[in-house]
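Below: one structure, written as structure tokens.
The values are calculated or read from the model by the stated rules, or taken from the named source; none is laboratory data. Computed from a predicted structure; not experimentally measured. A quick note on method: Cβ atoms are made from the backbone with ideal geometry, for glycine too, and the neighbour counts reach across all protein chains shown.
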Amino acid sequence: MASSLLGRQTAGRVPAWLWLLLFCAGLLPFLHGLLGVWLHWLGANPVEAVTRASGDWALRFLLLTLLMSSLRRRLGWRLGVRLRRMLGLYAFFYAVVHVLLYLWLDQFFDWVAIGEDILERPFILAGLLAFLALLPLALTSTRTMMRRLGPRWKALHRLVYAAGLLAVLHFWWMKESKSDVSEPLLYAVLLGLLLLERLVARGHPAD
Ligand code: HEM
């Protein structure tokens, strides 16, 4: 049942046109951010705007990745499961962009300040832990690693649930300090539904 971040590519191939379409669609938020910085349409604080947008997209792609296995189980829609790996890697890609923007444009690679920030603001620590949970999933996303790890691959990829929970907590704590948790609440509900679906579906693998 490990409907993981990176998923298995099973039962046939994704049509090349669909793969390409999804690949291009996944890059759109990134291009939007780049163009926004270049053409100055991101408002008074472009650094904050792109940091937030990349965080949003990392979380969205993470939830979309989880959704694919549920769609397979509930609706018998197999194609989504075959697209899971790409969606998972996009979640990781946007998380990397997000973290790099924070390290570079927010903290100027001042490692002492970064250490202090992690200790002082719990939402930063939750984000870091979410990122650390995503990292091994991305690193073991290849077929070779899947084969090499065997059954341990599935166990490892259950980290995707921890990543989702920590990312929502990260968002929640960030917004709580600004007294508006309506947006993270929406993500929390969506993640809760996806996790609940998995609990109900125990023993019915998605692929
Ligand atoms: C080392 C890891 C991370 C750090 C240092 C970090 C840092 C930040 C910072 C500084 C903000 C903006 C806060 C503000 O503008 O006041 C933010 C927002 C956010 N981050 Fe992270 N983050 C990390 C990892 C992650 C990960 C892995 C995800 C998702 C998978 C994520 C999702 C988000 C979301 C959804 C927001 C809110 C965006 C919004 O306001 O709409 N972050 N993060």
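Residue-by-condition table, conditions (1) within 8 Å of the ligand (Cβ to nearest atom); (2) in contact (Cβ under 8 Å) with a residue 24 or more places away in the chain; (3) charged (D, E, K, R):
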| residue | (1), (2), (3) |
| --- | --- |
| 119 | no, no, no |
| 131 | yes, yes, no |
| 157 | no, yes, no |
| 163 | yes, yes, no |
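Within the stretch 8-21, can one find any residue that is basic (Lys, Arg), within 30 Å of residue 149 (Cβ to Cβ), in contact (Cβ under 8 Å) with a residue 12 or more places away in the chain and in a helix (DSSP H, G or I)?
In the first step, residues of the stretch 8-21 are kept if they are basic (Lys, Arg); the result is 8, 13.
Of the ones still in play, those that are also within 30 Å of residue 149 (Cβ to Cβ) are 8, 13.
Right, trim to in contact (Cβ under 8 Å) with a residue 12 or more places away in the chain and you get 8, 13.
Add one more test, that the residue is in a helix (DSSP H, G or I), and what stays is none.
Checked the stretch 8-21: no residue is basic (Lys, Arg), within 30 Å of residue 149 (Cβ to Cβ), in contact (Cβ under 8 Å) with a residue 12 or more places away in the chain and in a helix (DSSP H, G or I).
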Exercise for the section: Go through (1) assigned to a helix (DSSP H, G or I); (2) over 13 Å from the mean Cα position of the chain (by Cα) one by one and return the number of the condition residue 108 breaks. Expected result: (1)
Handout entry: Where a residue in the stretch 180-203 is over 13 Å from residue 165 (Cβ atoms) and its partner, wherever it lies, is charged (D, E, K, R) and at pLDDT 95 or above, with Cβ under 9 Å and at least six apart
Key = 181/175; 182/175; 183/56; 183/175; 185/175
Handout entry: Condition met for residue 176 (over 20 Å from the mean Cα position of the chain (by Cα) and within 16 Å of the ligand (Cβ to nearest atom))
Key = yes
Practice task
Determine whether the stretch 97-104 contains at least one residue that is surrounded by fewer than 20 Cβ atoms within 10 Å (Cβ to Cβ), modelled with pLDDT of 95 or more and over 19 Å from the mean Cα position of the chain (by Cα).
Solution key: yes
Problem - Answer residue from the stretch 179-199, given it is away from the ligand (no atom under 13 Å from the Cβ) and hydrophobic (A, V, I, L, M, F, W, C) and is surrounded by the most Cβ atoms within 10 Å (Cβ to Cβ) among those - result: 194
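Here is a list: 52, 148, 72, 152. Which entry is at pLDDT below 95 and either among the charged types (D, E, K, R) or in a helix (DSSP H, G or I) (or both)? Give the derivation first.
On the way: 52 fails: at pLDDT below 95; 148 fails: at pLDDT below 95; 152 fails: at pLDDT below 95.
After applying the criteria, what remains is 72.
Going by what's in this entry, would residue 140 be described as among the hydroxyl-bearing types (Ser, Thr, Tyr), within 13 Å of the ligand (Cβ to nearest atom) and either in contact with a Leu (Cβ under 8 Å, 6 or more places away or on another chain) or without any contact (Cβ under 8 Å) to a residue 24 or more places away in the chain (or both)? Walk me through how you get there before you give the answer.
Numbers: among the hydroxyl-bearing types (Ser, Thr, Tyr): yes; within 13 Å of the ligand (Cβ to nearest atom): no; either in contact with a Leu (Cβ under 8 Å, 6 or more places away or on another chain) or without any contact (Cβ under 8 Å) to a residue 24 or more places away in the chain (or both): yes.
No; evaluated as a whole, the condition is false for this residue.
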Problem - Per-region count, the stretch 74-92, residues buried (at least 19 other Cβ atoms within 10 Å of the Cβ) and without any contact (Cβ under 8 Å) to a residue 24 or more places away in the chain - result: 1
Completion exercise
The lone condition residue 146 fails out of (1) touching a Phe, Trp or Tyr at 6+ places or on another chain (Cβ under 9 Å); (2) within 11 Å of the ligand (Cβ to nearest atom) is (2)
Fill in the blank from the handout: Sole miss for residue 151 among (1) within 15 Å of the ligand (Cβ to nearest atom); (2) farther than 19 Å from residue 57 by Cβ is condition (1)
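Can you tell me how many residues in the stretch 44-81 are of a type in the set (A, V, I, L, M) and within 11 Å of the ligand (Cβ to nearest atom)? Steps first, answer last, please.
Residues of the stretch 44-81 of a type in the set (A, V, I, L, M): 44, 47, 49-50, 53, 58-59, 62-64, 66-68, 71, 75, 79, 81.
From the residues that got through so far, the ones that are within 11 Å of the ligand (Cβ to nearest atom) too are 47, 49-50, 53, 58-59, 62-63.
Residues meeting the conditions: 8.
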Handout entry: Test result for residue 97, over 23 Å from residue 170 (Cβ atoms), touching a Ser or Thr at 6+ places or on another chain (Cβ under 8 Å) and either near the ligand (Cβ under 8 Å from one of its atoms) or of a type in the set (A, V, I, L, M, F, W, C) (or both)
Key = no
Handout entry: Verdict on residue 50 being hydrophobic (A, V, I, L, M, F, W, C), farther than 25 Å from residue 32 by Cα and surrounded by 18 or more Cβ atoms within 10 Å (Cβ to Cβ)
Key = no
